[in-house]
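Asks: Below you'll find the structure I mean.
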Amino acid sequence: MKIHQTAPTPNCLRVSLYLAEAGLEVPRQEVNIRDGENLSDEFRRLSANGHVPVLELDDGDTICESLAICRYFEALNPTGLFGTSPLEQAKVEMWTRIIEHQGLIPAFQAFRNLSGVYADRERCVEAWGEESRKRLDEFLPKLEARLGESPYLAGDRFTLADITAWALFAFMDRVKFSMAQTFPNIERWRAAVAARPAFRE
Ligand SMILES: N[C@@H](CCC(=O)N[C@@H](CS)C(=O)NCC(=O)O)C(=O)O
């Protein structure tokens, strides 16, 4: 098996961090999305959504969508990163979806529509980029408040929700989306996550 990825992108990073936490090693093949390698017919045959990451299995079957890839490995090799009790599983799902919908998607939309890096494949709308950037800024205090209630997003334990939030902040750093204010609880959480062996590598 192998994973087709563009290593630093948030959804590929999410899979890589999940695998590192799970102690699993899977061969990778880099795809240059900026140059449009994912737009080729060959890549589209692999990836139902046309995006990285894609897991290609030994029998040729493929799975795209970062969360689906993580879930596949979790089903084969349970780690607890998706939660253990019914309540914790629901909280992991809840916070993962909140971060995706209110954090990652606005961040992607802001970057894509303001920078125009993907203007070769989509219409860029500057006003939508600006609005998305504002929505991202409005979301961060919610994360700050949540991390004031519990050490990790879903509760007392580190889970996939934290991996997802880490991918958001790594993306914001990479595209230089600075935060408008300091968030002590987010900073405390970032330091705790950064100290994990899987994140130090
Ligand atoms: N929901 C998908 C999103 C995948 C996605 O947006 N991948 C980006 C990189 S993070 C991509 O392939 N972009 C290339 C493009 O938009 O053409 C997932 O979680 O895997």
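The values are calculated or read from the model by the stated rules, or taken from the named source; none is laboratory data. Note that the structure is predicted; figures quoted are calculated from it, not measured. For neighbour counting, all protein chains shown are included, and Cβ atoms are generated from backbone atoms with ideal geometry for every residue, glycine included. Note: accessible area is taken over every heavy atom of the protein model, side chains too, but ligands, DNA and RNA are not part of it. Shrake-Rupley method; radii C 1.70, N 1.55, O 1.52, S 1.80 Å.
Asks: Can you sort Asp120, Asp137 by solvent-accessible area, 1.4 Å probe, largest first? Let's see the in-between values first.
Replies: Working: Asp120 100, Asp137 55 Å².
Correct descending sequence by accessible area is Asp120, Asp137.
Asks: Okay, next question. Using a cut-off of 10 Å between beta-carbons, work out the net charge of the residues near Phe82 (Lys and Arg +1, Asp and Glu -1, Phe82 not included).
Replies: -2
Asks: Positive end of the dipole of the stretch 2-76, charges at C-beta (+1 Lys, Arg; -1 Asp, Glu), about the Cα centre: which of Ser16, Ala75, Thr62 has its Cα farthest in that direction?
Replies: Value computed over the given set: Ser16.
Asks: Could you tell me the distance between the Cα centroids of the stretch 44-77 and the stretch 156-176, to the nearest Å?
Replies: Comparing the Cα centres of the stretch 44-77 and the stretch 156-176, I get a distance of 21 Å.
Asks: Could you sort Thr84, Thr96 by accessible area so the largest value comes first, with the probe set to 1.4 Å?
Replies: On the way: Thr84 90, Thr96 5 Å².
The most accessible residue leads, giving Thr84, Thr96.
Asks: For the stretch 86-200, what % of the accessible area comes from carbon and sulfur atoms, probe 1.4 Å?
Replies: So the carbon and sulfur contribution to the accessible surface is 54 percent.
Asks: Mind giving me the nanometre distance, one decimal, between the label points for Lys134 and Ser178, set 7 Å out from Cα along Cα→Cβ?
Replies: 2.1
Asks: Sorting check: for 125-132, 105-112, 139-146, which peptide has the highest mean count of neighbouring beta carbons within 10 Å, and how do the rest follow?
Replies: Output ranking for 125-132, 105-112, 139-146: 105-112, 139-146, 125-132.
Asks: Pull out a ≥ b ≥ c, the square roots of the eigenvalues of the alpha-carbon gyration tensor of the stretch 46-111, then state rounded if a/c is under 1.5, prolate if not and a/b is larger than b/c, and oblate in the remaining case.
Replies: Judged from the Cα gyration tensor, the stretch 46-111 comes out oblate (a/c at least 1.5, b/c at or above a/b).
Asks: Same structure again: Taking a ≥ b ≥ c as the square roots of the eigenvalues of the Cα gyration tensor of the stretch 1-64, is the shape rounded (a/c under 1.5), prolate (a/b larger than b/c) or oblate?
Replies: Verdict is oblate for the stretch 1-64.
Asks: Placing unit charges on C-beta atoms (Lys and Arg positive, Asp and Glu negative, everything else neutral), compute the dipole magnitude of the chain about its Cα centre in debye, rounded to 20.
Replies: Charge dipole, the chain, about its Cα centre: 520 debye, nearest 20.
Asks: Heavy atoms of the protein only, probe of 1.4 Å, neighbouring chains included. What is the accessible area of Met1 in Å², nearest 10?
Replies: For Met1, solvent-accessible area is about 80 Å².
Asks: By the scheme Lys and Arg +1, Asp and Glu -1, what is the net charge of all other residues having a beta-carbon under 10 Å from that of Ala154?
Replies: On the way: positive: Lys91, Arg146, Arg157; negative: Glu88, Glu93, Asp156, Asp162.
With Lys, Arg at +1 and Asp, Glu at -1, the net is -1.
Asks: Does the chain come out rounded, prolate or oblate, given a ≥ b ≥ c as the square roots of the eigenvalues of its C-alpha gyration tensor, rounded meaning a/c under 1.5 and, failing that, prolate meaning a/b above b/c?
Replies: Oblate shape, in that a/c is at least 1.5 and b/c is the bigger or equal ratio.
Asks: Now, a different point. Run the 1.4 Å probe and let me know the accessible area of Ile33, rounded to the nearest 10 Å².
Replies: The value for Ile33 is about 20 Å².
Asks: Let me ask something else. Compute the accessible area per residue over the chain, keeping the other protein chains in place, probe 1.4 Å, unit Å².
Replies: That works out to 51 Å² for each residue.
Asks: Choose one of Val31, Gly148, His4: the residue whose Cα lies farthest towards the positive end of the charge dipole of the chain (beta-carbon charges +1 Lys, Arg; -1 Asp, Glu; about the Cα centre).
Replies: Positive-end residue among those listed: Gly148.
Asks: Follow-up question, since we're still on this one. Let me check against my output: what whole-number percent is the relative contact order of the stretch 86-200, with C-alpha pairs under 8 Å and at least 6 apart?
Replies: 30 percent.
Asks: Turning to a different aspect of this structure: How much net charge surrounds Glu65 when only the other residues with a Cβ under 12 Å from the Cβ of Glu65 are counted, with Lys and Arg +1 and Asp and Glu -1? List each step's numbers first, then the result.
Replies: Details: positive: Arg14, Arg71; negative: Glu100.
My count for the surroundings of Glu65 gives +1.
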